[in-house]
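The values are calculated or read from the model by the stated rules, or taken from the named source; none is laboratory data. No experiment lies behind these values; they were computed from the predicted model shown. For neighbour counting, all protein chains shown are included, and Cβ atoms are generated from backbone atoms with ideal geometry for every residue, glycine included. Accessible surface areas use protein heavy atoms only, side chains included; no ligands, DNA or RNA. Shrake-Rupley method; radii C 1.70, N 1.55, O 1.52, S 1.80 Å.
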Amino acid sequence: MKITIVNPQNRSIDLTIEQAMHLEEIIRTYGVTSDTPVAAALCDQEYIRLDQMIDHSCTIFLKDVKDGYGNMSLQYSLSLLYRCAVKQVVGRCDVQICNSLSKGLFTRIIGINPTDEICHRIEKQMHLLVEKDIEIKEEYMEREPLLQVCSKDLPEVYELVNSTTDVSGAYIIEMEGVKDYCPIHVLPSTGDLQLFEVRRYRNGILLRFPDMNDPCHVPPYSPQAVLYNAFAEETKWDRLTGISGVSQLNRVVNTEKFDEVAMISDALHERKIAEIASMIKKEEKRIILIAGPSSSGKTSFAKRLCIQLRVIGMHPLYLGTDDYFVDRKDLPKVQGEHIDYEALSAVDTELFSNQMAQLLGGDMVDLPYYDFKQGKKIFGKRITSVRPGQPIVIEGIHGLNPALTEMLNEDMKLKIYVSPLTSLNIDSHHRIPTSDVRILRRMIRDYRTRGNSPSDTILSWHNVRAGEEKNIFPYCGHADVFFNTQCTYEVAVLKHYATPLLQSIDLGDPAFAEAQRILTFLQYFNEAQDDHAVLSNSILREFIGGSILVK
């Protein structure tokens with residue numbers, strides 16, 4: 001057999017193997033190296049476990065946590081290891097994997113008040129289990145056998161699978177008597193899980209691990225109080241809609257109750273935006289900075305905020321930092337090839353700062369408009385000034401970067417971070433990844449408005465996320481306010497639009513494997529056949545179409 005193995009750093013090795021071997025054995029025997037820990041593998045457009053038997057000529061790509069599949073494999077594997085350690089330290093109890101937070105997962109042990117001492121014991125037990133190099137068993141089951149197993153051992157999973165006919169099967173995973181299901185492969189052994197940290201936070205415990213910035217180290221800890229509060233608020237919102245899990249959402253899709261859930265969800269958004277507008281007026285903020293990652297709904301949020309400010313007698317000036325791009329010839333490039341629109345150096349920060357200071361000083365200012373066809377700023381079309389007390393609403397990915405507005409008085413600023421975060425998890429142990437919601441939003445919007453193929457969106461997503469890790473996420477802790485753009489019901493609606501796009505990606509397309517992973521994620525949701533209950537000013541309309549805010 002002729003086998004080519006490509007490591008995460010794109011270094012390849014060509015091998016000739018006489019007999020079938022496990023992938024892990026091939027890696028050890030032939031000295032295949034990687035600068036980063038490997039979490040998954042892609043063999044001829046199909047994701048495989050690292051202990052998969054290789055019995056034919058093929059090309060294998062090794063994946064680390066910079067890859068979406070590898071990242072989720074690591075998270076699911078660590079979550080199982082964590083739950084096993086919790087059981088061995090504190091006894092049989094329910095563990096909830098709640099949401100992402102502080103470069104990790106925020107968890108709760110039901111009925112246990114966590115202490116630093118308990119967290120230390122759990123982490124120590126996890127390391128002991130890693131040293132034992134215990135096998136993480138995995139077996140794929142079709143729907144009917146899966147339901148039979150879950151009805152006995154995993155009642156919550158049984159309820160989830162039984163709530164939709166779209167689930168064709170899943171992996172049952174087990175370690176040291178702790179059993180669960182998983183939509184994708186996990187790592188073969190606890191010995192593969194070397195990097196993690198357990199620490200107490202508020203009324204829960206953080207399980208932290210490497211991210212795509214540095215797959216070889218657990219990142220420095222930074223508390224994210226604003227983000228934590230946003231998740232707590234979202235949990236309260238879910239209670240108001242009457243939906244606390246995907247199985248409950250599935251039960252109401254395509255019923256009158258679903259329409260009610262959609263209207264309540266959007267009404268809660270409107271109330272929160274009105275509260276932010278009142279805060280701006282009360283605190284006399286003049287510079288409103290709005291930032292967030294790709295497909296977070298920044299534009300819709302900014303325009304809805306402007307409307308609420310007008311309702312309370314303020315007349316905001318709306319600006320986007322995209323109009324301050326430097327001329328195309330001066331734009332920075334990634335690896336000397338593609339234009340990097342997400343770098344701060346792509347923005348004429350000096351002009352931006354000077355014009356903001358002039359506006360605040362009451363001067364008449366010639367605001368630029370960036371013509372992407374010509375690749376330069378156009379002047380003379382937006383000459384304006386602002387009155388005393390009139391706020392300036394500024395939307396752009398660098399809004400929270402201090403370097404953008406360092407020349408302006410800090411007391412005048414209100415920094416707002418927006419992103420879709422959901423406390424509505426698939427079940428107690430499986431969260432809905434924010435990145436999956438955002439890629440669905442982006443895929444649907446870009447296909448509809450820009451003619452981008454779903455394959456283009458998937459293949460460019462790694463670079464998008466890398467730019468966010470560099471230019472956006474490091475500054476989210478600077479936010480004064482967090483606005484959650486997630487709608488409780490939205491994945492059911494997004495599924496209707498995204499499924500045919502994902503299914504159009506064929507086996508020969510390099511995006512095929514990732515498209516299949518996303519389709520597997522979507523199978524746990526019933527599809528909303530009709531989106532008539534989604535309001536025309538809903539943030540979701542920015543992506544699926546029909547928005548009165550974003551044309």
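Here are a few things to note about the model shown:
- Pick from the range 1-47, criterion free of Cβ contacts under 8 Å to residues at least 24 places away in the same chain and among the basic types (Lys, Arg), ranking: most open to solvent (accessible area, probe 1.4 Å): 28
- Condition broken by residue 244, with the remaining ones in (1) assigned to a loop (DSSP other than H, G, I, E, B); (2) more than 15 Å from residue 98 (Cα to Cα) satisfied: (2)
- Subset of the range 324-360 that is among the small types (Gly, Ala, Ser) and open to solvent by 60 Å² or more (accessible area, probe 1.4 Å) - its residue that is nearest to residue 472 (Cα to Cα): 345
- Any hit, the range 379-391, residues being more than 23 Å from residue 277 (Cβ to Cβ) and out of contact with any Pro (no Cβ under 9 Å at 6 or more places or on another chain): yes
- Residue in the range 84-91 that is of a type in the set (Lys, Arg), in contact (Cβ under 8 Å) with a residue 24 or more places away in the chain and not in a helix (DSSP H, G or I) present: no
- Looking across the range 63-83 at every residue that is in contact (Cβ under 8 Å) with a residue 60 or more places away in the chain and not in a helix (DSSP H, G or I), the one that is surrounded by the fewest Cβ atoms within 10 Å (Cβ to Cβ) is identified as 66.
- Some residue of the range 457-468 being modelled with pLDDT of 90 or more and touching an Asp or Glu at 6+ places or on another chain (Cβ under 7 Å): yes
- Identity of the residue in the range 505-528, more than 23 Å from residue 540 (Cα to Cα), of a type outside the set (D, E, K, R) and over 21 Å from the mean Cα position of the chain (by Cα), that ends up most open to solvent (accessible area, probe 1.4 Å): 507
- Of the strands (runs of 3 or more DSSP E) entirely within the range 108-221, those holding at least 3 residues that are open to solvent by 60 Å² or more (accessible area, probe 1.4 Å) occupy 137-142.
- Unmet requirement for residue 299, which otherwise passes all of (1) over 25 Å from residue 429 (Cα atoms); (2) open to solvent by 30 Å² or more (accessible area, probe 1.4 Å); (3) over 22 Å from the mean Cα position of the chain (by Cα): (3)
- On inspection, residue 466 does not qualify as in a helix (DSSP H, G or I), surrounded by 20 or more Cβ atoms within 10 Å (Cβ to Cβ) and in contact (Cβ under 8 Å) with a residue 40 or more places away in the chain.
- Residue in the range 425-444 that is basic (Lys, Arg), farther than 22 Å from residue 475 by Cβ, outside any strand (DSSP E or B) and open to solvent by 50 Å² or more (accessible area, probe 1.4 Å) present: no
- All conditions but one from (1) touching a Lys or Arg at 6+ places or on another chain (Cβ under 9 Å); (2) modelled with pLDDT under 85 apply to residue 222; the one that does not is (2).
- Scanning the range 474-504 for residues that are assigned to a helix (DSSP H, G or I), open to solvent by less than 50 Å² (accessible area, probe 1.4 Å) and under 20 Å from residue 440 (Cβ atoms) yields 490, 491, 492, 493, 494, 495, 498, 499, 501, 502.
- Here residue 449 fulfils each of the conditions (1) open to solvent by less than 30 Å² (accessible area, probe 1.4 Å); (2) modelled with pLDDT of 90 or more; (3) in contact with a Gly (Cβ under 9 Å, 6 or more places away or on another chain) apart from (1).
Condition check ((1) at pLDDT 90 or above; (2) touching a strand residue (DSSP E or B) at 6+ places or on another chain (Cβ under 7 Å)) across all residues:
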site: 327; (1), (2): yes, yes
site: 331; (1), (2): no, yes
site: 350; (1), (2): yes, no
site: 364; (1), (2): yes, yes
site: 376; (1), (2): yes, no
site: 385; (1), (2): yes, yes
site: 388; (1), (2): yes, no
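- Flag if residue 97 is hydrophobic (A, V, I, L, M, F, W, C) and modelled with pLDDT under 95: yes
- Residue match in the range 400-413 (condition: among the polar types (S, T, N, Q), open to solvent by less than 50 Å² (accessible area, probe 1.4 Å) and over 29 Å from residue 468 (Cβ atoms)): no
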